[in-house]
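Undergrad: My structure is below; once you've seen it, I'll send some questions.
Just so it is clear, none of the values below were taken in a lab; they were calculated from the coordinates. Source: prediction; values computed, not measured. Glycine also receives a Cβ, built like all others from the backbone with ideal geometry; neighbour counts cover every protein chain displayed.
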Amino acid sequence: MPKTMFDKLWEAHQVSEGLIYIDLHLVHEVTSPQAFEGLRLAGRGVRRPDKTLATADHNVPTDGTMAARLIADELSRIQVETLERNCEEFGIPLYSLGSERQGIVHVIGPELGVTQPGMTIVCGDSHTSTHGAFGALAFGIGTSEVEHVLATQCLVQKRPKTMRISYAGELGAGVTSKDLILATIGKLGTGGMVGHAVEYAGPAIEALAMPGRMTICNMTIEGGGRAGMIAPDETTFEWVRGKPGAPADFDTAVERWKQLPTEAGAEFDTEVEVDAAAISPMVTWGTTPGMVVQVTDSVPDPAQMDSPADREAAERALAYMGLEAGTPMTEVAPERVFIGSCTSSRIEDLREAAAVVDGRRVAGSVRAMVVPGSQQVKAEAEAEGLHDVFRSAGFEWREAGCSMCLGMNPDTLIEGERCASTSNRNFEGRQGKGGRTHLVSPKMAAAAAIEGHFVDIRDWS
Amino acid sequence: MRPVDIIEGKVSVLDRADVDTDQIIPKQFLKRVERTGFGEFLFYDWIRGGEIELESNPILVAGRNFGCGSSREHAPWALEDFGFQAILAPSFADIFYSNCTKIGLLPAILDEQRCRAVAEAGEARIDVDDETVTCAAGVFEFAIEPDVKHRLLNGLDDIGITLENAAAIDTFESAGTTTHGPVTTTL
């Protein structure tokens, strides 16, 4: 029987019924301290430090603090220092503050080449789905599971169902992978992919470079999906080739990776079709990523919604967001713009945003910042002069980290502030208590910074 | 983890859909390096802001897609530390569901109508072995994976169970395709 890519990955990693072998375990400071403590209490070690990699990202200030001991916030400092001590004690490679390889865990895995097709990858972070862009099976786990993987290099897992989302046609000019995934979540709902490993397919996906594919797989979790994945192809192989962690016998590896894609006639539990050509630039208006409209639309009217639960949720969201039903999205005016996060902070994302702001000035009403996903992205961007483009336009140019995506570090919104953000979650308080988040693509965020309100990037020049 | 068999008592209700883990335990409380003491920060902004009131009871009835978003296990830790032993909802986010089962906090799926009936009854008795929720409105069945149920009923530690299988992991590793070699220490 023809197999899906998921079937192949699952079967190749099954140690015994319901026990999956993990090829790469990524670790960060927030979800790991209790796991290491658990190991110590039970007298257990880390089975495969050589398949484990750690970095500090969630808590790190992006102001140029270059060592854990210098972090001003005491609790953040303790958490990063605890990670450093744990990695030392258990022999786990770590890129902490001050390392030229430090960065957001889902940015550094791919850029170091340790994220590879055919792997199983886990991390105590829901956006681990990002790595599925390489044809890997990658998903987020909780701290008890982090401890389990550290101790056994395996994970107890129930086999998820499979879903394929096929995109017909190609994305229009100005429409990006971020718009594609936001539109998909808008269509399916935030619980639409629950219980499924999702494969994204079709010409619009194949045409994307790796960063765009990562953006899509990254946000799979916002649709409730267990894992997102995209078949590896020449684009994937070219990304991995020459990276520090690339397999020594690269050509052999490529031959193996070519066997991964879903075979013709393979069956999925759920099939969804989306017309890629019909997708417009998207902006969220509410407090879940599924509360999203085209930039050409207006803020929806809760009274028009069918289900009482949806109506009530929409009313609450509009009150929180400080928005009136019927307001055109292009009249919504953010005071803050954040370009960064594991969704959209790779060099290509920064290039796209820089092209929009080049030679222009950030609106007087807006404070805008760019936070590269990793120290390597930052170095590459600076070598290309992107930092000058952003700075001349009035953007702040900062050090690598999760930054304002989740506000666990000094980068936060204040109560009532409205932000155009390239991150992944517009939940209440996510970017700071009372903060109002609108999720958009890097291009759309950049244009909003210049104009002081959202614009349709397709007819903006 | 302590065994979970019968959960009985009053019911608290949070009638909202898509409650995310950022609400359950906001990010500023994730900086602790301990597993305990998160209960007092449960739904911090919503409770402090007077948006919701929540009593500490054995059972919480919640809306669909409960626990979506971040994988933070701090969310189940906070719910458990606050006093909840079981959560009933029409659906749960995958990672949250799994995290609950790892710490002995029972997530049970009942359809919306039955959740409402339990909420209205105000008290219930959950029998994990029988997979039933009993309240004034009737006896409702829920489903739970057999191995998850076995672990909950016996309070078993996943790692201990897996390590009993260590020989199978050794065999798997020595079968050796190249992805079974070192990945991160050769950088």
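Undergrad: Any idea what the dipole of the range A:19-68 comes to, in debye rounded to 20, about its Cα centre with Lys/Arg Cβ at +1 and Asp/Glu Cβ at -1?
TA: Around 360 debye, computed over the range A:19-68.
Undergrad: Would you mind computing the Rg to Rh ratio of the range A:314-360 from its alpha-carbon coordinates, Kirkwood style for Rh?
TA: We get a ratio of 1.11 for the range A:314-360.
Undergrad: Shifting gears a bit: What residues qualify as long-range amide H neighbours of A:Thr120, i.e. H under 5 Å apart, gap of 5 or more or another chain, H built at 1.01 Å from N?
TA: A:Asp23, A:Leu24, A:Leu137
Undergrad: Sticking with this one: The range B:128-187: D in µm²/s via Stokes-Einstein (Kirkwood Rh, Cα pairs, 37 °C, 0.692 mPa s)?
TA: The Stokes-Einstein estimate is 213 µm²/s.
Undergrad: Starting from the Kirkwood radius over alpha-carbon pairs of the range A:1-93, derive D by Stokes-Einstein at 25 °C in a medium of 0.890 mPa s and give it in µm² s⁻¹. Before the final figure, lay out the partial values.
TA: Details: Rh = 15.5 Å.
Calculated translational D: 159 µm²/s.
Undergrad: Once the mean 1/r over all distinct Cα pairs of the range A:206-312 is inverted, what Kirkwood radius in angstroms do you read off? Before the final figure, lay out each step's value.
TA: Details: mean 1/r = 0.0567 Å⁻¹.
Its Kirkwood hydrodynamic radius stands at 17.7 Å.
Undergrad: Sequence-distant or interchain residues sharing an amide H contact under 5 Å with A:Gly140, placed H: which?
TA: For A:Gly140, whose amide H was placed from the backbone, the distant partners under 5 Å are A:Thr128, A:Ser129.
Undergrad: Regarding the range B:1-128, what is the average projected area of its C-alpha convex hull, in nm²?
TA: 7.0
Undergrad: Which one of A:His58, A:Thr176, B:Thr21 is farthest out on the positive end of the charge dipole of the protein assembly as shown, using unit charges on Cβ (Lys, Arg +1; Asp, Glu -1) and the Cα centre as origin?
TA: A:His58
Undergrad: One-quarter of the Cα convex hull surface for the range A:312-461, in nm²?
TA: 8.4
Undergrad: Can you compute the charge dipole magnitude of chain A about its Cα centre, using +1 on each Lys and Arg Cβ and -1 on each Asp and Glu Cβ, nothing else charged? Give it in debye, rounded to the nearest 20.
TA: On the way: 41 positive and 63 negative charges, 135 e Å.
The dipole of chain A has a size of about 660 debye.
Undergrad: Now for a separate question. Give me the distance between the Cα centres of the range A:215-250 and the range B:68-87, rounded to whole Å.
TA: Value for the Cα centre distance between the two parts: 31 Å.
Undergrad: Using modelled amide H (1.01 Å from N, peptide plane; none on Pro or chain starts), what sits under 5 Å from the amide H of B:Leu106, excluding residues fewer than 5 places away?
TA: B:Ala86, B:Ile87
Undergrad: Could you line up A:Ile414, A:Ile22 from fewest to most neighbouring Cβ atoms inside 10 Å?
TA: Neighbour counts put them in this order, fewest first: A:Ile414, A:Ile22.
Undergrad: Apply the Karplus curve 6.51 cos²θ - 1.76 cosθ + 1.60, θ = phi - 60°, to the phi angles in the range A:124-131 and return the couplings in whole Hz, x for Gly and Pro.
TA: x, 6, 5, 7, 4, 4, 3, 5
Undergrad: Take every Cα-Cα pair in the range B:86-187 and report what % of them are more than 17 Å apart. Before the final figure, lay out each step's value.
TA: Numbers: 3259 of 5151 pairs.
Counting pairs separated by more than 17 Å, the tail of P(r) holds 63 percent.
Undergrad: Next question. In whole Å, what are the extents of the range A:64-206 along the principal axes defined by its C-alpha atoms, from largest to smallest?
TA: 51, 38, 27
Undergrad: Could I ask something else about it? Calculate the length of the line joining the C-alpha centroid of the range A:293-322 to that of the range B:137-187, in whole Å.
TA: With the range A:293-322 and the range B:137-187 each reduced to a Cα centre, they are spaced 42 Å.
Undergrad: Apply the Karplus parameterisation 6.51 cos²θ - 1.76 cosθ + 1.60, with θ equal to phi minus 60°, to every residue of the range A:391-407 and state each ³J(HN,Hα) to the nearest whole Hz, in sequence, with x for glycine and proline.
TA: Values per residue, Gly and Pro as x: 5, 4, 7, x, 7, 7, 10, 10, 7, 6, x, 6, 6, 7, 4, 9, x Hz.
Undergrad: Pop out the Kirkwood hydrodynamic radius of the range B:27-99 from its pairwise C-alpha distances, inverse of mean 1/r, in Å to one decimal.
TA: Computed over the range B:27-99, the radius equals 12.8 Å.
Undergrad: Please compute the alpha carbon radius of gyration of the range A:182-254, then divide it by the globular-protein estimate 2.2 N^0.38 Å. Two decimals is fine. Before the final figure, lay out the partial values.
TA: Numbers: Rg = 14.3 Å, N = 73, 2.2 N^0.38 = 11.2 Å.
The reported ratio for this selection is 1.28.
Undergrad: Please label the shape of the range A:229-388 as rounded, prolate or oblate, based on the square roots a ≥ b ≥ c of the eigenvalues of the alpha-carbon gyration tensor (a/c under 1.5 means rounded; beyond that, a/b larger than b/c means prolate, else oblate). Display every interim value, and only then the final one.
TA: Numbers: a/c = 2.95, a/b = 1.33, b/c = 2.21.
Oblate, because a/c is 1.5 or more while a/b does not exceed b/c.
Undergrad: If you scale each eigenvalue of the Cα gyration tensor by 5 and take the root, what three semi-axes come out for the range A:115-270, rounded to whole angstrom and sorted largest first? Write out the running numbers ahead of the final one.
TA: Numbers: eigenvalues 106, 91, 42 Å².
Equivalent ellipsoid semi-axes, largest first: 23, 21, 15 Å.
Undergrad: Students often get this wrong, so check it: of A:Lys3/A:Lys258; A:Lys51/A:Lys158; A:Lys8/A:Lys158; A:Lys433/B:Lys31, which have C-alpha atoms separated by over 18 Å?
TA: A:Lys51/A:Lys158
Undergrad: A:Arg458 to B:Thr171: FRET efficiency via 1/(1 + (r/R0)^6), r the Cβ-Cβ distance, R0 56 Å, to the nearest 0.05?
TA: Given R0 = 56 Å and the Cβ-Cβ separation, E is 0.50.
Undergrad: Right, something else. Rg(Cα) of chain A divided by 2.2 N^0.38 Å?
TA: 0.94
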